[in-house]
1. Sticking with the crude label model, points 7 Å out along Cα→Cβ, report the distance from B:Ser93 to A:Arg114 in nm, one decimal please.
2. What number comes out for the charge environment of B:Asn26, summing +1 per Lys or Arg and -1 per Asp or Glu over other residues with Cβ under 12 Å away?
3. Residues with amide H under 5 Å of B:Cys60's amide H, sequence separation 5 or more or different chain, H placed in the peptide plane at 1.01 Å from N; which?
4. Rank the residues B:Tyr31, A:Tyr124, B:Tyr89 as a footprinting-exposure proxy: fewest other Cβ atoms within 10 Å of their Cβ go first.
5. Does anyone have the angle between helix B:41-57 and the longest principal axis of chain B? Alpha-carbon axes, 0 to 90°, nearest 10?
6. Give me the distance in nm between label points sitting 7 Å out from Cα along the Cα-to-Cβ direction at A:Arg41 and B:Gln107, one decimal.
7. I want to check the label-to-label distance for A:Arg50 and B:Trp62. Put each point 7 Å from Cα in the C-beta direction and report it in nm to one decimal.
8. Can you pull the Kirkwood radius for chain B, inverse mean 1/r over Cα pairs, to one decimal in Å?
Amino acid sequence: MRCFGCCIQLSQILLWNTGDQEYGDALADLVRQLGDVVKKRSLNRQDALRLRGRLGFADAFLHGRLGALVLKRLVDHAYGSTAAVDDDLAGILEMMILRLQTAGPKTVNSQAVREWFAFTDAAYDKESQDGGLGAVLVSSNGDCAAWFSVQLDKSMCDVFGASDKEIINYL
Amino acid sequence: MLAACLAMDVCSGYFKSSNSVHYGDNDSVHYALIRGTGLGTVAGTIMKLHLRTEVDINSCIWFARMPTEANIADVPSRGLAHPFLETKYDESSTAAKRVARCLMEVQKARQLRKQKGEVQHTSPHVSKRPK
């Protein structure tokens, strides 16, 4: 079964026609509409709300943070004071276009319950002015699947704003 | 934030089309990751990279906070060894290459901002009330 932005795969049976014309047309139309907004850099309230309605399928469950972010930013823009589309909104819309064009629909299958746990942390020493990044990837069985440890020297920390702020959260 | 971005990038093969939970011990980073926005040039650039990777790998991420004492990633971030972290799973060399990429993106964004003549606040955004 295939609907806008979502595929449901039951066992090995393909229930949708991959050449679904209606789906393809609707997707192409939406991508075109988003592309127009990015190109013109202007979106009035009525069009913003209409676009938000069309992107209603892009809820957080199906499209992660990006879907939720796009909806929020479109509503913020619609009730803002200007029709001009700022760089942030344009960037997010561009990512949404990319998501629709390349990532393909979400697939619901037996692998949907596969989970990974990523633990991340950063360290910064004020005296030596160097830092480090670390992450550990743990499987749902509790086994370590990957990890890394990267040390950052002073020049690298400076690029990330160590010399600008007392606490650098960027790391 | 950079650690989360890097983890996502380095482990993208594992995260592809999967549900994953990202743990960190920094509150402000945690909330920024949930919002999907970063304030300032550096945080904004890193967040864009993070979002782009999420889009590329078609993943749904849940962000959670944990205390520093329980965060196993605290060990590698200080360059220390731990029996849980076996050498065969070490991806540090890949991560180092990806850091270089993040550095380049941040430098590019900073230069662009400078060219536009925008000023980034480097001091805290809180002004003290005069006595």
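1. For B:Ser93 paired with A:Arg114, the spin-label model returns 2.6 nm.
2. Details: positive: B:Arg65; negative: A:Asp121, B:Asp25, B:Asp27, B:Asp74.
Residues near B:Asn26 contribute -3 overall.
3. Distant-sequence amide H within range of B:Cys60: B:Ser18, B:Ser20.
4. Sorted ascending by nearby Cβ count, the order is B:Tyr31, B:Tyr89, A:Tyr124.
5. Approximately 40 degrees, to the nearest ten.
6. That separation, rounded to one decimal, is 2.7 nm.
7. Label-label distance for A:Arg50 and B:Trp62, simple model: 3.9 nm.
8. Working: mean 1/r = 0.0602 Å⁻¹.
Its Kirkwood hydrodynamic radius stands at 16.6 Å.
Just so you know, all these numbers are worked out from the coordinates, no wet-lab data involved. Just so we're clear, the structure is a prediction, and the values are computed from it rather than from any experiment. Note that we place each Cβ from the backbone using ideal geometry, even for glycine, and neighbour counts take in every protein chain shown.
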